[in-house]
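The values are calculated or read from the model by the stated rules, or taken from the named source; none is laboratory data. All figures in this text were calculated on a predicted structure; none of them were measured in a lab. Heads up, the Cβs are rebuilt from the backbone with ideal geometry, glycines too, and the neighbour counts pull from every protein chain shown.
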């Protein structure tokens, strides 16, 4: 694919894989009626999206852990204040 300036904005990607995996991929490609290039693009995109989801999930879990720790500290401070004699 070339843009208006004649410069390619995509490049060939070569990957060596075991024959068994290649046969499975070829069977899938033939079954779905797509090209190997389409399969490769979709597979790599899905893999990267999956890794990004895992990364976001880990960050969210860490944030929740920090929030829960902070919430626990605040709750303990309130309990300490409630135990003191407050004027009515």
Q: Would you check if there is a residue in the range 20-27 being over 27 Å from residue 10 (Cβ atoms) and part of a helix (DSSP H, G or I)?
A: yes
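Condition check ((1) at negative phi; (2) at pLDDT 95 or above; (3) surrounded by 10 or more Cβ atoms within 10 Å (Cβ to Cβ)) across all residues:
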position	(1), (2), (3)
2	yes, no, no
6	no, no, no
11	yes, no, no
36	yes, no, yes
41	yes, no, yes
50	yes, yes, yes
67	yes, no, yes
